[in-house]
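Novice: Just passing along the structure, written as structure tokens.
A short reminder: the numbers here are calculations on the coordinates, not readings from a lab. Note that the structure is a prediction, hence the values are computed from the model and not measured. Because the Cβ atoms are built from the backbone with ideal geometry, glycine has one as well, and the counts that use them run over all protein chains shown.
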Amino acid sequence: MSARLAELRTEFESGQARLRQLEVEQSYLRDRLLMVKGAIDVLEDLLVAAAETPAGAPAGVPADGGAATAPGNGRVPGAPGPSTQEVS
């Protein structure tokens, strides 16, 4: 019985050591996945901004020049802009 007890204690200690190792790996992997997710979000945002940027405009400027989202411009995003017809 003493020999079996010693075997079980050794197995238990090995199991605890492996569990600690796996917890460290899990923590590293979780942090790495968060970092990758953040990079994905940034690149997706840049792709959306690039798709909305007119040709020849500086990067990051939407097709409307930012007017629809500029604070205090009196426009509702998505609403038609002022009329461009001339008054005679």
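Novice: What are the semi-axes of the equivalent ellipsoid of the stretch 1-57, taken as the square roots of 5 times the eigenvalues of the Cα gyration tensor, listed largest first and rounded to whole Å?
Specialist: Rounded to whole Å, the semi-axes are 55, 5, 4.
Novice: So, in nm, how far is label MET1 from label ASP31 when the simple model puts each one 7 Å beyond its Cα toward the Cβ?
Specialist: Label-label distance for MET1 and ASP31, simple model: 4.7 nm.
Novice: Provide the net charge surrounding ALA17, with neighbours chosen by a C-beta distance below 12 Å and charges set as Lys +1, Arg +1, Asp -1, Glu -1.
Specialist: Once all neighbours under 12 Å are counted, the net charge is -1.
Novice: What list of ³J(HN,Hα) couplings, whole Hz, do you get for the stretch 28-37 from phi and the Karplus terms 6.51, -1.76, 1.60, once you set θ to phi - 60° and write x for glycine and proline?
Specialist: Result, rounded to whole Hz: 4, 5, 4, 4, 5, 5, 5, 5, 5, 4.
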